[in-house]
Amino acid sequence: MTDKSFWEDNPRIHHFQEVTSTMDIARNLARQECPDFTVVVAERQNTGRGRLKRAWQSSEGGLWFTIVLRPDIPPEMSYRINFSASLVLAQTLRRLFGIDAKLKWPNDILVDEQKIVGILSEMEMDDDKVSFVNIGIGINVNNDPPPEVPNASSLKKILGKNVPKEELLFAFLDAFESHMRHSDSEQVISEWKKHTITLNRHVLVVTIQEETEGLATDVDADGALLVRLDDGTVKKLVYGDCFL
Ligand code: BTN
């Protein structure tokens, strides 16, 4: 990425060449009471984690980071932060690069149906209050996504040139911080739905326990995907991997 002094000018940003996972470092910092909006960014992760216990390949050239947030919200509202992060990041990608960034439930960002961003979150509670919510974001920027991952792309591939990662990171962090401080979280899901490609499509949703196939009809106020099955019943899915 950039020289050392660049990162040292930004005291909330902890920059590493290589880590296990930025989620591990962020969790330790959060448990040591680091401030709201502390960011951990690494050039490489040797055990990057994806959703549903998958590995996340994190080679040089990608943007791999975790943001520590300390929102004053009830735990059952914390899912909204993932929707906010994906919504704001898609807006940032459209604004900076003019690409048609779309959202796929729950929090992927795709361009031409190819995934370029994945988001993973972890929350810890203190009594019944949120202690921290860590949002881990992986963006395929100047790296080549692993060939064994189907339907994945990178900004470099889409734009035909390398992209300045720091500019993207800082543009997103500014927009996300402003969104977290000023936006009405009630509006997040309805705004998110305007940019999704999941609705009114036939989907297969896979969790560790089961697979569900049907028509994706809505995302409800809890962020759950509503899927109409062949027998007409509607199933509410609160997590899973969605294939279109
Ligand atoms: C997904 O499965 O789509 C979520 C992928 C999340 C990857 C990011 S990269 C930064 C942070 N550190 C990790 O180990 N995972 C997240």
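Considering each residue of segment 173-200, count those that are over 17 Å from L110 (Cβ atoms) and touching a strand residue (DSSP E or B) at 6+ places or on another chain (Cβ under 8 Å), and give that number. If you could, list the steps in order and put the result at the bottom.
From segment 173-200, those over 17 Å from L110 (Cβ atoms) are 173-191; that's our starting set.
Then drop every residue that is not touching a strand residue (DSSP E or B) at 6+ places or on another chain (Cβ under 8 Å), which leaves 173, 176, 180, 189.
Count: 4.
Given the criterion at pLDDT 95 or above and surrounded by 13 or more Cβ atoms within 10 Å (Cβ to Cβ), identify the matching residue among R51, R44.
Details: R51 fails: at pLDDT 95 or above.
It is R44.
Examine segment 21-32 for a residue that is closer than 21 Å to N143 by Cα and open to solvent by 10 Å² or more (accessible area, probe 1.4 Å), and state whether such a residue exists. Scanning segment 21-32, I find no residue that is closer than 21 Å to N143 by Cα and open to solvent by 10 Å² or more (accessible area, probe 1.4 Å), so the answer is no.
Among the residues of segment 193-211, is there at least one that is closer than 15 Å to S86 by Cβ and assigned to a helix (DSSP H, G or I)? Within segment 193-211, one or more residues are closer than 15 Å to S86 by Cβ and assigned to a helix (DSSP H, G or I). Within the set S178, S154, S185, S190, the sole residue that is under 30 Å from L225 (Cα atoms) and within 16 Å of the chain's Cα centre (by Cα) turns out to be S154. The single condition from (1) farther than 15 Å from A90 by Cα; (2) surrounded by 14 or more Cβ atoms within 10 Å (Cβ to Cβ) that N162 fails is (2).
Mind telling me which of the residues I73, I81 ends up being within 18 Å of the chain's Cα centre (by Cα) and more than 9 Å from the ligand (Cβ to nearest atom)?
When all the criteria are applied, what remains is I81.
Matching residues to (1) under 30 Å from T38 (Cα atoms); (2) modelled with pLDDT under 95; (3) not small (G, A, S):
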{"residue": "L168", "(1), (2), (3)": "yes, no, yes"}
{"residue": "K193", "(1), (2), (3)": "yes, no, yes"}
{"residue": "T198", "(1), (2), (3)": "no, no, yes"}
{"residue": "T207", "(1), (2), (3)": "no, yes, yes"}
{"residue": "G214", "(1), (2), (3)": "no, no, no"}
{"residue": "D218", "(1), (2), (3)": "no, no, yes"}
{"residue": "A221", "(1), (2), (3)": "yes, yes, no"}
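So in segment 225-244, with the set limited to residues that are in contact with a helix residue (DSSP H, G or I) (Cβ under 9 Å, 6 or more places away or on another chain) and of a type outside the set (V, I, T), which one is most open to solvent (accessible area, probe 1.4 Å)? Among those that are in contact with a helix residue (DSSP H, G or I) (Cβ under 9 Å, 6 or more places away or on another chain) and of a type outside the set (V, I, T), it is Y239. Listed by first and then second residue, the pairs linking a residue in segment 116-141 that is over 11 Å from W64 (Cβ atoms) and open to solvent by 10 Å² or more (accessible area, probe 1.4 Å) to a residue that is aromatic (F, W, Y) and modelled with pLDDT of 95 or more, with Cβ atoms under 6 Å apart and 6 or more places separating them unless they lie on different chains, are E124/F132. Being among the acidic types (D, E) and free of Cβ contacts under 8 Å to residues at least 40 places away in the same chain holds for only one residue in D222, D218, and it is D218.
The values are calculated or read from the model by the stated rules, or taken from the named source; none is laboratory data. These figures come from a predicted structure and were not determined experimentally. Note that we place each Cβ from the backbone using ideal geometry, even for glycine, and neighbour counts take in every protein chain shown. Accessible surface is based on the protein model in full, side chains and every heavy atom, while ligands, DNA and RNA are left aside. Shrake-Rupley method; radii C 1.70, N 1.55, O 1.52, S 1.80 Å.
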